[in-house]
Amino acid sequence: MTEKKSTLQEAREEVAVRYFRLVDAADPAILDLFTDDAQMFFPKFGIATGKDQIAAFAQGFAREISSIQHDIPGLTVISSGNFVVTEGSVRGATGSGAAFPDGESSYGLFCNVFEFEDERIKRLHIYEDPDFAGTHTEGVAWGKSVRDTLTTP
């Protein structure tokens, strides 16, 4: 049985997708999608509260990433109540020119959980490995040894 989406749910899903388009364009209008007291979480960064802190995160992120492109047509979007969850993939280049993902230790996969107040983002928690280029070798080393063990007959 398919559940009919409300107009508000559809609008929230559209805002979530627009968020990715604005991230990809490095468009400061992205802040207009958030409530004034919004909260955002990103691994290794922590929690930003309010548009000023979210803007500071975005500026720091822009210094580390020279280009980013989310696979918007390939997004999985699930919504219920005040929440929209997106799962997808991303590719791009770091500020040092390293392309990501590398397919060996970085895969460019993410999951975002948006909570809405009306049609604006009240809370956004981003679950993504911030090691876009696979340069955090200590963490990669244990993972590679486990993978090698699992694939060796």
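Quick check: Cα centre of the stretch 92-106 to Cα centre of the stretch 14-63, how many Å?
21
When only DSSP loop residues count, what chymotrypsin sites (Phe, Trp or Tyr not before Pro) in the stretch 82-117 have their Cβ near at most 12 other Cβ atoms within 10 Å?
none
Could you tell me which residue out of G46, A58, F34 lies farthest along the dipole of the stretch 1-71 toward its positive end? Charges go on the beta carbon: Lys and Arg +1, Asp and Glu -1, centred on the Cα centre.
Of the candidates, G46 comes out farthest on the positive side.
Within the stretch 1-71, report the GluC sites (Glu not before Pro) that DSSP leaves as loop and that have at most 10 other Cβ atoms within 10 Å.
The qualifying sites are E3.
Quick check of the Kirkwood formula: for the stretch 17-86, what is the inverse mean of 1/r over all pairs of different Cα atoms, in Å?
Kirkwood hydrodynamic radius for the stretch 17-86: 13.2 Å.
Any read-out appearing in this document is the output of simple, stated calculations on the displayed coordinates, not a laboratory observation. Only a predicted model underlies this, so the values are computations on that prediction, with no experimental measurement involved. So basically every Cβ, Gly included, is an ideal-geometry build from the backbone, and we count neighbours across all protein chains shown.
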